1. Go through segment 217-243 and give me each residue that's out of contact with any Pro (no Cβ under 9 Å at 6 or more places or on another chain), hydrophobic (A, V, I, L, M, F, W, C) and farther than 15 Å from ASP170 by Cβ.
2. Condition check: among the β-branched types (Val, Ile, Thr), within 28 Å of PHE238 (Cβ to Cβ), loosely packed, with under 12 Cβ neighbours inside 10 Å and out of contact with any Asp or Glu (no Cβ under 6 Å at 6 or more places or on another chain). Does VAL78 satisfy that?
3. Just for helices (runs of 4 or more DSSP H) wholly inside segment 1-90: which have at least 1 residues that are closer than 30 Å to GLY204 by Cα?
4. Here is a list of conditions, (1) at pLDDT 90 or above; (2) within 25 Å of GLN110 (Cα to Cα); (3) touching a Phe, Trp or Tyr at 6+ places or on another chain (Cβ under 8 Å), and SER179 meets all of them except one; can you say which number that is?
5. Among the residues that make up segment 119-130, is at least one of them under 20 Å from the mean Cα position of the chain (by Cα), more than 30 Å from PHE84 (Cα to Cα), assigned to a helix (DSSP H, G or I) and of a type in the set (Gly, Ala, Ser)?
6. Among the candidates LEU85, LEU39, which residue alone is among the hydrophobic types (A, V, I, L, M, F, W, C) and either surrounded by fewer than 16 Cβ atoms within 10 Å (Cβ to Cβ) or in the same structural domain as ASP170 (by TED's automatic domain parsing) (or both)?
Amino acid sequence: MESIEVQAHLVESDVNRIFDSRDAIVFESELENAVACFLVLKRCVESDDDHAEINVAHNYSHESKYNEILESFKDIFVEPFYDFLDEHLDDSSLLLSLLVKYKHKCEWFQRESLLKTWEADTRRGEKKLAMHLYEYLYDQGINFSIEPASASGEADAVSSQQGEEPLIADVKIFNPDKSKGKGYIAKGFRQVYDYTLDYNEPVGYLIIFKTCEEELKFSLPDSAQSTPFVKHNNKTIFFLVVDVHAYEVSASKRGKLKSVEFTEDDLSGEFNK
């Protein structure tokens, strides 16, 4: 549901009009309509008004009987949202959960081997870790076209999985001692954003392998979701940190670790260069 909710900015003002001004807003694109349906349903569920659904349905329907008005609400908001989820659950909505599962798998079971992969060849280690990620996603049923040429260079991976929405993903190492610190991650963010423009996709993913002790702290405006993200020019970029650093002591004994903070200004600063 995260990948839908982060698109709220596309229709939020129109949804407010549906509730506040009683306007019957019609949305042109499938994505905007799905996000609007989600926001309407969410507001109705959270509302203290027992007749919230009826009031909204009155904007669109001239029915007078209670059951018929509820049927109109279902036809306008519930069924289109269900159909959208049914069509897209195996595409972008599932990709984020697969990436989170990959993060846990690496940190719980493969931390040592992945760190050795990076340390054995730091020049090409980033590409090797990227291939590890792509192999995992391929095993989950997602077929990839690796490093296709694009107007902005070469995106690490653009998927050709079922459906018409390719996965825009790039992999970066975070290790300030190896010249891969805040600026390097910011450039990775800009690259993923440019790829979303090249392929006309609303969502991109930056997967960051942390091979050092320093933590990444994302201080971003949209912090309600479990996976950090930035919205820029109607594009949403998710940040997934995979920690493969070998800690000398257990988590309970490490104390406070040094963190490197990433704000929206740090990331968007790449657009001003």
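1. Matches in segment 217-243: ALA224 only.
2. On the way: among the β-branched types (Val, Ile, Thr): yes; within 28 Å of PHE238 (Cβ to Cβ): yes; loosely packed, with under 12 Cβ neighbours inside 10 Å: no; out of contact with any Asp or Glu (no Cβ under 6 Å at 6 or more places or on another chain): yes.
Judged against the criteria, VAL78 is not a match.
3. On the way: elements: 2-5, 12-20, 30-46, 52-60, 66-73, 79-88.
Helices (runs of 4 or more DSSP H) meeting the threshold: 2-5, 12-20, 30-46, 79-88.
4. (3)
5. From segment 119-130, those under 20 Å from the mean Cα position of the chain (by Cα) are 130; that's our starting set.
Going one step further and asking which of them are more than 30 Å from PHE84 (Cα to Cα), we end up with 130.
From what's left, assigned to a helix (DSSP H, G or I): 130.
Going one step further and asking which of them are of a type in the set (Gly, Ala, Ser), we end up with 130.
Among the residues of segment 119-130, at least one is under 20 Å from the mean Cα position of the chain (by Cα), more than 30 Å from PHE84 (Cα to Cα), assigned to a helix (DSSP H, G or I) and of a type in the set (Gly, Ala, Ser), which makes the answer yes.
6. On the way: LEU39 fails: either surrounded by fewer than 16 Cβ atoms within 10 Å (Cβ to Cβ) or in the same structural domain as ASP170 (by TED's automatic domain parsing) (or both).
Exactly one residue qualifies, and that residue is LEU85.
The values are calculated or read from the model by the stated rules, or taken from the named source; none is laboratory data. From a predicted model like this one, the values you see are computed outputs, not experimental measurements. Note that each Cβ is placed from the backbone with ideal geometry, even for glycine, and that neighbours are counted across all protein chains shown.
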